[in-house]
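The values are calculated or read from the model by the stated rules, or taken from the named source; none is laboratory data. As the structure is a computational prediction, the values presented were derived from the model and not from experiment. Cβ atoms come from the backbone with ideal geometry, glycine included; neighbour counts cover every protein chain shown. For accessibility, only protein heavy atoms count, side chains too; no ligands or nucleic acids. Shrake-Rupley method; radii C 1.70, N 1.55, O 1.52, S 1.80 Å.
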Amino acid sequence: MLFLIFSLGNDRYVVDATRTVEILPLVNWKSLPGAPRGVAGIIDYRGNPTPLLDLSELSVGKPCRKVMSTRIIIINYQDSDPPRLLGLLAEGVTGTIRRNEEDFLTPGLRSDEAPYLGPIASSPEGSLQRIDIRHLVPGHIHDLLFANSSEPRNGF
């Protein structure tokens, strides 16, 4: 399988590249006042408002730095019709790596605060932890980001 590599703090992580729709340079986004921690805002992706999560803020509590390697990864968050797209703001988006499923080993620790953190594989540059996209967005944030736009809502 092919995985996209990025950094959160000092550690390296991967997501399944088959979920990746496009990798964008750092563009401006609309902030959402009062949004939960980790929600950067909304970007205009090909004419459609697309939620944007800051992976660094969500996982390590510090917003992504605006550096040359910071990118927005557009992923197919849920297989639905139409597909639900999600932008992920990440630092150190440096490339890809091929690994087999069996290369990833369970670390033995599980965090209820970060259920998206998956198994770990080795690479010549160090460990890579897999992010499980299906568990990335907590339920209360999911409901806010993907609310049916025809329904009146408080908040977002």
inquiry  = Let me spell out the model: positive unit charges on the Cβ of Lys and Arg, negative unit charges on the Cβ of Asp and Glu, origin at the Cα centre of the chain. What dipole size does that give, in debye rounded to 20?
reply    = 400 debye
message = Please report the equivalent ellipsoid semi-axes of the chain, computed as sqrt(5 x eigenvalue) of the Cα gyration tensor, largest first, in whole Å.
response = 26, 17, 16
Loop-exposed trypsin sites (Lys or Arg not before Pro) per DSSP, neighbour cap 15 Cβ within 10 angstrom, longest uninterrupted part of the chain = 67-109
key: Percent carbon-and-sulfur accessible area, region 1-148, ignoring ligands, DNA and RNA, probe 1.4 Å   = 50 percent
ask   = Quick one: longest stretch of the chain between exposed loop GluC sites (Glu not before Pro), exposed meaning at most 11 other C-beta atoms within 10 Å and loop per DSSP?
value = 1-112
ask   = How long is region 76-117 along each principal axis, judged by its Cα atoms, biggest number first, in Å?
value = 36, 28, 23
note = Note to self: with every protein chain in place and a 1.4 Å probe, region 1-88 gives an accessible area per residue in Å² of 52 Å²
